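Here the structure is laid out as structure tokens; the discussion comes afterwards.
The values are calculated or read from the model by the stated rules, or taken from the named source; none is laboratory data. What you see is a predicted model; the values in this text were computed from it and never measured. Heads up, the Cβs are rebuilt from the backbone with ideal geometry, glycines too, and the neighbour counts pull from every protein chain shown. Accessible surface is based on the protein model in full, side chains and every heavy atom, while ligands, DNA and RNA are left aside. Shrake-Rupley method; radii C 1.70, N 1.55, O 1.52, S 1.80 Å.
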Amino acid sequence: MTSTAIAVTGLRKAFGDKVVLDGLDFDVAAGSVFSMLGPNGAGKTTTVNVLATLLKADAGTVRVAGHDVATETRQVRAAIGVTGQFAAVDELLSGRENLQLMADLKRVRSGDQVVGRLLERFDLVEAADKMSSTYSGGMRRKLDLAMTLVGSPRIIFLDEPTTGLDPRSRRTMWGIVRELVADGTTIFLTTQYLEEADQLADQVVVLDQGRLVAQGTPEELKRQVPGTHVRLRFADLDELDAAARVLAGATRDDQELILRMPSDGQSRSLRALLDRLDEHDINAQEFSVHTPDLDDVFLALTGRPSAEAVAQ
């Protein structure tokens, strides 16, 4: 497999007069997690559908696993697996039967053995012969991903795979994603959960209104957003007043007795700040450094809070 699993250049897609994807350019490294962030309607699912050969682009070139999605559709489909926002599970079948159906459709050798290994890997052995209609949301998502893995695809598209899951089920899915990548699988993940991208992604792009507005590692994106500061809490208002006089440029919260001082977060500048307080015999009860997170990045780039920030 080449070092680049997915290569996209000038990707455009419109529905009537509405431009959904407006000239996207990005590469996805093989054996990595690539996360596409964006608010609802940004174009994430449309991107996945084009890359997965489910939708034709209007312009641009897209190569997946070394194959052109427009002219080598069959080869692309043989190399990928797709899991959407809603589990594509047949509720009239048991978990085992769903997996066996996929094995038969993909003509997998030793299908029974493959099904057995996947049931064990996803902790579905006890529920294997129960109707999937009785499964919880988390179990359905696990079964859906297990079905996607039948045939051992090299590239997996996960389109908002943990939407609606409880935190425990979400973390279980994260663990499975990490295992897949450790085995050399490439994961293309779309999500509105910024913690998910922060936890899993090697590379992140932010999509807004059909355009890529930023790309980089999670840490690189965080550094693009100003806002690192030192947070100091004091015992009483007199101490707060004294510190505010010494630390010009700090913002204060009289109710919480807190000063926030802009900082680069490096040890030398932190030491200088504390030395200034010490010179004036001022003591902070609490001291911490706060850096921007992906929520701050998302808000700064799109002008909207993320889905998880809204839910909190």
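Our summary gives the chain a relative contact order of 20 percent, counting only alpha carbon pairs under 8 angstrom and 6 or more residues apart. Calculated on the alpha-carbon coordinates, the convex hull of the range 98-182 measures out at 101 cubic angstrom per residue. Which angle between 0 and 90 degrees, to the nearest 10, do you get for helix 267-279 versus the longest principal axis of the chain when only C-alpha atoms count? That works out to roughly 30 degrees.
Each 10 Å bin from 0 upward holds the following percent of the Cα-Cα pairs of the range 152-277: 10, 28, 21, 20, 16, 4, 0. Divide the volume of the convex hull around the Cα atoms of the range 34-76 by the residue count and you get 77 Å³ per residue. With one equal scatterer per alpha carbon and no solvent term, the Debye-computed log10 I(q)/I(0) for the range 1-112 at 0.12, 0.13, 0.22 1/Å reads -0.53, -0.61, -1.25. Using heavy atoms of the protein chains and a probe of 1.4 Å, the accessible area assigned to Thr134 is about 90 Å². Our estimate of slack between Arg211 and Thr71, defined as 0.36 nm per intervening residue step minus the Cα-Cα distance, is 47.9 nm. I'd like the orientation of helix 167-182 relative to the chain: the angle between its Cα long axis and the longest Cα principal axis, in ° from 0 to 90, rounded to 10. In the chain, helix 167-182 runs at an angle near 70 degrees to the longest axis. Exposure check, 1.4 Å probe, all protein chains in place: Val177 carries approximately 10 Å² of accessible surface.
Between Leu237, Leu180, Leu55, the Gaussian network model of the chain with springs among Cα atoms under 10 angstrom shows the greatest mean-square fluctuation at Leu237.
Comparing Leu221, Leu194, Leu92 in a Gaussian network model of the chain where C-alpha atoms under 10 Å apart are linked, the largest mean-square fluctuation is found at Leu92. Charge tally for Thr190 (other residues, Cβ to Cβ under 14 Å; Lys, Arg +1; Asp, Glu -1): -3.
Any idea what the relative contact order of the range 68-141 is, in percent, if you count C-alpha pairs under 8 Å spaced at least 6 apart?
Working: 47 pairs, mean separation 28.4, N = 74.
Contact order relative to length: 38 percent.
Could you sort Lys130, Lys56, Lys106, Lys222 by their accessible area in this structure, using a 1.4 Å probe and putting the largest first?
Working: Lys130 115, Lys56 165, Lys106 85, Lys222 30 Å².
I get Lys56, Lys130, Lys106, Lys222, largest accessible area first.
Checking the Cα-Cα distances for Lys106/Lys130; Lys106/Lys222; Lys44/Lys222; Lys44/Lys130; Lys18/Lys142 against a 32 Å cut-off, the pairs over it are Lys106/Lys222; Lys44/Lys130; Lys18/Lys142. The distance between label points at Asp17 and Leu299 comes to 3.5 nm (points 7 Å beyond Cα on the Cα→Cβ vector). Given R₀ = 45 Å, what would the calculated FRET efficiency be for Leu274 paired with Ala7, taking r from the Cβ atoms and rounding to 0.05? Using R0 = 45 Å, I get an efficiency of 0.35.
In debye to the nearest 20, how big a dipole does the range 1-106 give about its Cα centre with +1 on each Lys and Arg Cβ and -1 on each Asp and Glu Cβ? Walk me through the intermediate numbers first.
Working: 10 positive and 11 negative charges, 17 e Å.
Here the size comes out at about 80 debye.
Distance between the 7 Å Cα→Cβ label points at Glu220 and Leu105: 3.7 nm. Across all C-alpha atoms in the range 180-239, the radius of gyration and Dmax reach 17.7, 59 Å. Summary of the geometry: the range 228-258 and the range 22-69, compared by the centres of their Cα atoms, lie 48 Å apart.
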